[in-house]
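Engineer: One structure, pasted below without further comment.
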Amino acid sequence: MKILVVGGGGREHAIIKKIKENKNVEKIYALPGNGGMAEDAECVDIGAKDIDKIVEFAKANSIDYAIVAPDDPLVLGCVDALEAVGIPAFGPKANAAIIEGSKVFSKDLMKKYGIPTAGYEVFDDMNKALEYLETAPIPTVIKADGLALGKGVIIALTRDEARQAVKSMMEDKVFGASGDHVVIEEFLEGPEVSVLSFTDGKIVVPMISSMDHKRAGDNDTGLNTGGMGTVAPNPYYTNAIAAECMEKIFLPTIEAMNKEGRTFKGCLYFGLMLTKNGPKVIEYNCRFGDPETQVVLPLLESDLLEIMMAVTEERLSETEVRFSDKNACCVIMASDGYPVKYDKGLELTIPDEVKDKVYVAGAKIADGKLVTNGGRVLGCTAVAPTLKEAIEDAYKIVDKVHFDNEYYRHDIGQRALKATV
Ligand code: AMP
Ligand code: GLY
């Protein structure tokens, strides 16, 4: 089979490494991929948002199955466009990807169907939003409606910060048109859990739970990032909580999307907060998480491609989805200065002995050498019987990988480790 993967980060590298295990796979193309995954897939210089070129390439190269990994092409209708020319693809259609593409849509969906989430109000008029803030409980959370590159969420600890956030989104348009509508929501507290799930619109099969580390600095300090590391499973996510989430969140969401005529097929990511009033949805993503995928897929014992094709063909209930009972830890190595300002083009060394445990996100080949080409450069993942060993082993891989301005957190998994004792 010839497979096409749309996207080019660490998540896509993890997906590619996993589907390579299927013996029917003869060729994998990554659009655009990155230089760090060139040994695992043929990288083609077509951007993940260039839907017309993606479809053209897929037709010209007789692609048997496509996997659309990032949010942008999903929201833009990449799966619809591929299916329109007869190429089956993993991922939701645009009318279902809206569950991530619009926060107003997802909040209204949860309200309509009684799915637990933070209380909220939606505003399209800045003055009304500011008026509401005069009496809103503080801290409060301000969210721009659209994708906003994952940065459109501001936790305001004071009333003044909240006013500034609303003005920057609605007046200064720092997130562009995403700021035309803002959601102001109740601040929730509790451990966060990421649950990625497979769904074919009929059933939902959660993957092993995980924990992201979003802040740039040790002990959860500094700016929010795309994620500095992950562990799986998440020790806060007990069997009892999993059962409650299935009943109150996962199945109701799938059913709600069906009732809205927006059947979701693909990977639906539930960002949950375990509050003292029970689990609540913080956000939905219409795709695999990054860097959650880099710990979840190494623990998947079943065949990923088989599962994905079963999702597309709506026969997920007949397919085995089995996870190992081991633990995984992924430490992200970034360029110093990320997420603000950082150098690129520094030579990157990944020794052969650790290559199968390294997922490259931001690298390219220049003059025959692998060099850094992004803020988050790569993730080092270890799998071990215990969380403690997985953490230790992940940092041993980190020690073997080198580039000049490398930066990483030293405490990935420590909070989870404390929760297990
Ligand atoms: P995002 O950028 O959408 O991935 O989310 C940003 C982060 O903001 C989440 O991971 C949470 O830690 C936090 N967050 C979002 N909504 C809330 C809320 N209602 N209460 C508390 N924290 C929140
Ligand atoms: N790790 C969070 C996300 O993928 O959105």
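Throughout, read-outs are computed from the coordinates displayed, never taken from laboratory work. Everything numeric in this text was worked out from a predicted model, so none of it was measured. Glycine gets a Cβ as well: all are built from the backbone with ideal geometry, and neighbour counts include every protein chain shown.
Engineer: Anyone know which of Leu157, Leu316, Leu274 comes out most mobile in the 10 Å Cα GNM of the chain?
Structural biologist: Leu157
Engineer: From the Cα gyration tensor of the chain, with a ≥ b ≥ c the square roots of its eigenvalues, which class applies: rounded if a/c is under 1.5, or else prolate if a/b is larger than b/c, or else oblate?
Structural biologist: Note, shape of the chain comes out rounded.
Engineer: Between Pro116, Pro73, Pro137, which gets the highest mean-square fluctuation from a Gaussian network model of the chain, Cα cutoff 10 Å?
Structural biologist: So, out of Pro116, Pro73, Pro137, the one fluctuating most is Pro137.
Engineer: Could I ask something else about it? State, as an integer percentage, the relative contact order of the range 51-126 based on alpha-carbon contacts under 8 Å between residues 6 or more apart.
Structural biologist: Computed value for the range 51-126: 24 percent relative contact order.
Engineer: Over the chain, what relative contact order in percent results from Cα pairs under 8 Å that are six or more residues apart?
Structural biologist: On the way: 979 pairs, mean separation 68.6, N = 421.
The value is 16 percent.
Engineer: Could you list Ile19, Ile254 in order of exposure, starting from the residue whose Cβ has the fewest other Cβ atoms within 10 Å?
Structural biologist: Ile254, Ile19
Engineer: Now, a different point. Using the alpha-carbon centroid of each, what span in Å lies between the range 367-421 and the range 266-325?
Structural biologist: Between the Cα centre of the range 367-421 and that of the range 266-325, the gap is 22 Å.
Engineer: GluC sites (Glu not before Pro), restricted to the range 89-168: which are DSSP loop and have at most 15 other Cβ atoms within 10 Å?
Structural biologist: Here the GluC sites (Glu not before Pro) that fit, given the DSSP loop and packing criteria, are Glu134.
Engineer: Distance cut-off 18 Å, Cα to Cα: go down the list Lys17/Lys357; Lys344/Lys369; Lys2/Lys202; Lys112/Lys276; Lys248/Lys276 and report the pairs above it.
Structural biologist: Violating the 18 Å Cα-Cα cut-off are Lys2/Lys202; Lys112/Lys276.
Engineer: Distance from the Cα centre of the range 112-177 to that of the range 64-105, in angstrom?
Structural biologist: 27
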